[in-house]
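None of the figures in this text is laboratory data; all of them are computed from the coordinates on show. On a predicted model such as this, the values are computed, not experimentally measured, just so you know. Quick reminder, even Gly has a Cβ in these numbers, built from the backbone with ideal geometry, and neighbours come from all protein chains shown.
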Amino acid sequence: MKQIEVHILQQSYLLSCPEGHESRLLEAVERVDTAMTRIRDAGKVRARERIAVLAALNLAFEIADREAAALAAPAPAAAAPAARQESLLPDDDQQRLRQLVQRLDQALGDDGRLL
C-alpha cells in the first residue's frame, strides 16, 4: 500500500492507495476538490462538513445518473438519434427523485441548494 498526500479544499490528507492505482485516486481527489470548491465559491455554505456532504451527494447523484444511462442505453446497432432526449428513469422514479431533492433543499435551508 502506498501513501499519497493530497489537498482537498486547501486541507492536506494522507491517503493509502494500492500500488498502480495512484492516477485513479488523484482523479477522484480532483473531482472531490472541484465539487467542494464549486460549492464553497457559491458562497451559500461555509461549514466544511456541509460542503463535503453536498459534494458527496452531488457526486453520488452523477454516478447514479451515469449508471442509469448505461443500463438504459440501447445496443449500438439500435442507437436512437442524438437529438432525441428521453428520460433515463421511469416517471414514478423521476417524481421520487424530485421529492428527495426538495426534501434535501428544505433540510439545508439557507445553507444552499443541492442542485
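Observations, loosely collected:
- Of all residues in region 1-27 being closer than 20 Å to residue 40 by Cβ and out of contact with any Leu (no Cβ under 7 Å at 6 or more places or on another chain), the one that is surrounded by the fewest Cβ atoms within 10 Å (Cβ to Cβ): 12
- Residues being within 20 Å of residue 5 (Cα to Cα), part of a helix (DSSP H, G or I) and not acidic (Asp, Glu) - total across region 16-54: 14
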